[in-house]
1. Of (1) open to solvent by less than 30 Å² (accessible area, probe 1.4 Å); (2) charged (D, E, K, R); (3) not in a loop (DSSP other than H, G, I, E, B), residue 247 satisfies all except one. Which?
2. With respect to residue 208, determine if the residue is open to solvent by 10 Å² or more (accessible area, probe 1.4 Å), modelled with pLDDT under 95 and outside any loop (DSSP other than H, G, I, E, B).
3. Check residue 745 against each of (1) part of a strand (DSSP E or B); (2) surrounded by 12 or more Cβ atoms within 10 Å (Cβ to Cβ); (3) β-branched (Val, Ile, Thr) and name the one condition it does not meet.
4. Only residues in region 191-217 that are under 18 Å from residue 45 (Cα atoms) count as the first member; pair them with residues that are of a type in the set (Ser, Thr, Tyr) and outside any strand (DSSP E or B), Cβ under 6 angstrom, at least 6 apart or cross-chain, and list the lot.
5. Across region 42-59, what is the total count of residues that are in a strand (DSSP E or B) and either touching a Lys or Arg at 6+ places or on another chain (Cβ under 8 Å) or of a type outside the set (A, V, I, L, M, F, W, C) (or both)?
6. Of the residues 688, 731, 772, which is more than 30 Å from residue 177 (Cα to Cα), modelled with pLDDT of 90 or more and assigned to a loop (DSSP other than H, G, I, E, B)?
Amino acid sequence: MKTNCNIFLRQAIGLMILIFPVMLFAQNGIIRGFVFEKETGEPVIYTNVYLYKTPYGAATDVNGYFMISKIPSGNYTLLVTYLGFDTLKMSMNVKENDIIDQKLYLVKGSYTLEQVQVTAEREEARTETRTSVVKITPKQIKQIPAIGGQPDLAQYLQVLPGVVFTGDQGGQLYIRGGSPIQNKVILDGMVIYNPFHSIGLFSVFDTDILRSVDVYTGGFGAEYGGRISSVMDITTRDGNKSRISGKAGASTFGANLMIEGPIIKQKENDRGSASFIFTAKNSYLEQSSKTLYKYIDEDGLPFNYTDVYGKVSLMGANGSKVNFFGFSFNDQVNNYKALSDYHWESYGGGSNFLIIPGKSPVLIEGHLAYSQYKIALEETNAPPRTSSINGFNLGFDFTYFIGKDELKYGIEVLGFTTDFVFANAVGTEVQQKENTTELGAYLKYKKTLGKFLIEPSLRLHYYASLSNMSLEPRIAMKHNTTERFRIKFAGGFYSQNLISATSDKDVVNLFYGFLSGPDDVPETFNGNDITHKLQKAEHAILGFEFELSRFITTNLECYYKNFSQLTNINRNKLFDEERYPNAPDAITKDFVIEDGYATGMDFTMKYDNKKIYLWLVYSLGYVTRNYEDVNGTMKSYYPHYDRRHNVNLVANYNFGDKLDWEINARWNFGSGFPFTLTQGYYPLINFGDGIYTDYTTTNEELGIIYADLNTGRLSSYHRLDVGIKKIFMLGRYSKIEANISVTNVYNRQNIFYVDRYTFEKIYQLPFMPSAGLMFTF
């Protein structure tokens with residue numbers, strides 16, 4: 001295995017060495033640098049930097065970095081435009097084969113040049129393929145009702161097209177047919193294994209530390225690997241480089257604190273800087289609910305969590321920088337319904353960097369991180385479960401800007417250990433501990449050909465523990481048909497090793513564990529030999545973008561994900577294979593093979609003006625899985641998160657002389673989830689004493705006769721949330737923000753599940769008002 005790893009690394013590095021000198025050719029003149037907010041020193045992301053009255057320009061990336069290349073020699077006027085800031089103008093003299101480095105600072109104001117005022121979002125729509133990706137900023141997150149008085153990424157993600165959340169309590173994220181294990185979450189380059197708390201309204205991320213969140217719902221490029229459905233790439237802020245500032249807040253659900261400031265202040269001259277940012281938030285809902293929400297449950301709502309995150313950023317004079325960060329997240333549910341104990345904890349740390357070489361037109365990025373996640377679940381009527389995963393990931397990325405074109409390539413190394421223990425319903429223990437190494441290398445090129453944007457990419461991903469190499473070509477394209485209408489396409493091949501410690505056949509999945517490199521799988525599936533042990537999928541997405549007016553944009557995407565091989569934990573294992581070698585795989589293997597597909601359509605319409613923001617999202621989806629039963633017959637079922645229709649309406653209105661009042665609302669409708677019907681009951685004797693069990697005197701238990709898997713449908717789900725917010729300015733930098741919100745305004749009884757033994761109906765959250773205060777300084 002070590003030999004194969006060494007060969008892979010040598011080939012990947014050799015490929016980069018070959019590419020590197022090819023790109024070091026004369027590109028006429030180059031202007032590159034960073035755009036910052038003068039007040040805080042934070043990068044200004046996705047804004048336009050261009051040479052006035054020329055076709056030369058670029059948009060800043062998530063670090064505020066831009067590069068304009070292939071500029072003919074001459075004198076130009078450099079313009080930077082961004083809504084809410086004064087337009088910046090600067091005279092530039094470009095010489096042949098010269099690289100000009102600039103740090104640009106924008107000042108908040110109201111004056112802009114109307115003739116050059118183009119929003120970065122619309123410019124990006126014309127210059128980026130942007131298929132099946134949603135870019136989220138803290139401003140957008142705060143435009144929906146703040147449930148619990150705290151605006152949160154988890155609440156906003158539920159509005160996105162193609163995204164399904166399975167519940168307010170213990171809900172997980174399902175993206176276009178992909179289960180949580182198939183969705184990769186990255187925080188500053190570090191893998192986060194569980195981003196959501198047991199009460200599905202909150203994530204582990206404090207909204208105020210976020211710079212941007214890119215959610216790829218499918219068809220993502222070769223820079224991402226190891227998952228077969230989607231990617232969520234999160235970047236945090238560096239911290240205020242000008243002054244000490246922060247926020248402190250409290251609500252009926254919990255409290256949060258953020259503090260940030262300079263270690264070395266950023267100046268407009270060629271000096272470096274350093275800054276820090278620290279956040280902490282926790283929930284005291286278990287205590288407050290016993291007084292405020294006693295009508296929901298007399299014993300309270302025992303959902304507890306504490307999240308801590310810290311980061312230190314060091315920036316050089318030319319914009320090169322290195323960040324050091326660490327986190328600790330934990331979650332606890334105590335004696336709630338059928339749960340006697342449920343808790344998980346996650347912690348980790350790492351570093352990432354960005355290097356701007358002196359006279360080379362390349363951007364070099366890298367990261368190194370370690371993280372660990374442990375979870376344990378004890379239920380009243382089920383055996384306990386435990387799972388853990390820990391490991392590291394590191395990577396290097398190289399980006400060249402060649403006029404309007406872009407070349408990017410890189411390598412990635414991952415190593416992790418999984419440990420899982422579970423006993424199924426008949427007491428058979430399933431246990432697995434594995435050490436896994438994965439190596440990845442990719443190459444991506446974006447080419448502009450008139451109205452066409454073409455972005456082919458290729459990834460090589462080697463799974464060392466399985467001795468399996470996966471070749472994964474991918475492509476994204478866009479055609480700017482008119483100034484307002486665009487056609488786009490994305491597709492590719494994807495693979496992953498990690499599998500979930502829960503089955504897609506389970507209804508309520510609070511337990512979120514991990515397994516890797518499964519060995520005990522069937523040798524055949526649907527009459528064909530199993531040639532590898534990876535999970536694999538193929539994506540195809542076709543989309544259309546249309547701008548109805550300056551303020552109204554629409555987007556329509558049709559997608560198909562073919563899950564050609566999936567691995568699921570075997571809930572039906574009855575016998576040990578060594579003792580019963582001739583028994584069917586369906587009752588002896590630890591894992592089973594499945595396949596399936598997800599297909600559907602997502603439509604969005606957005607109206608965005610200064611005071612009014614409206615967003616309509618409609619998703620139509622079909623998710624199907626296929627498996628072999630004990631007789632080898634192929635069976636199909638709908639996984640528990642298959643939701644046919646999903647509608648979200650979001651409205652936000654700012655008013656008042658200073659626009660310091662805000663009212664918002666969100667209405668969500670979802671058709672019912674599948675579930676397995678109960679056909680009847682019977683007296684069950686478990687024969688606990690084996691052949692010595694006296695069936696005439698032993699106590700009987702209640703056995704259940706189930707219908708076919710997930711052939712029933714729960715009732716539809718719908719809920720209206722509203723909120724109102726008022727800002728009180730206390731000084732130049734200080735203010736108080738007060739908010740009141742109501743969850744489930746008309747108190748809809750949305751079913752969560754029904755206890756088959758007691759017939760008790762468990763509902764999602766009822767009418768639930770909340771309030772919060774936030775002090776900013």
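The values are calculated or read from the model by the stated rules, or taken from the named source; none is laboratory data. These figures come from a predicted structure and were not determined experimentally. Ideal geometry is used to build each Cβ from the backbone, glycine not excepted, and the neighbour counts take in all protein chains shown. Heavy atoms of the whole protein, side chains included, go into the accessibility calculation; ligands, DNA and RNA do not. Shrake-Rupley method; radii C 1.70, N 1.55, O 1.52, S 1.80 Å.
1. Unmet condition: (1).
2. It is true that residue 208 is open to solvent by 10 Å² or more (accessible area, probe 1.4 Å), modelled with pLDDT under 95 and outside any loop (DSSP other than H, G, I, E, B).
3. That leaves (1) as the condition not met.
4. Once the first residue is under 18 Å from residue 45 (Cα atoms) and sits in region 191-217, its partners that are of a type in the set (Ser, Thr, Tyr) and outside any strand (DSSP E or B) give 212/137.
5. The qualifying residues number 4.
6. 731
Yes/no matrix, rows are residues, columns are (1) surrounded by fewer than 21 Cβ atoms within 10 Å (Cβ to Cβ); (2) modelled with pLDDT of 95 or more; (3) not in a loop (DSSP other than H, G, I, E, B):
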site	(1), (2), (3)
212	yes, no, yes
232	no, yes, yes
240	no, no, no
257	yes, yes, yes
266	no, no, no
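One line per residue, one yes/no per condition, for (1) within 28 Å of residue 62 (Cα to Cα); (2) under 22 Å from the mean Cα position of the chain (by Cα); (3) at pLDDT below 95:
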{"residue": "289", "(1), (2), (3)": "no, no, yes"}
{"residue": "292", "(1), (2), (3)": "no, no, yes"}
{"residue": "295", "(1), (2), (3)": "no, no, yes"}
{"residue": "307", "(1), (2), (3)": "yes, yes, no"}
{"residue": "326", "(1), (2), (3)": "yes, yes, no"}
{"residue": "337", "(1), (2), (3)": "no, no, yes"}
{"residue": "352", "(1), (2), (3)": "yes, yes, no"}
{"residue": "361", "(1), (2), (3)": "yes, no, yes"}
{"residue": "369", "(1), (2), (3)": "yes, yes, no"}
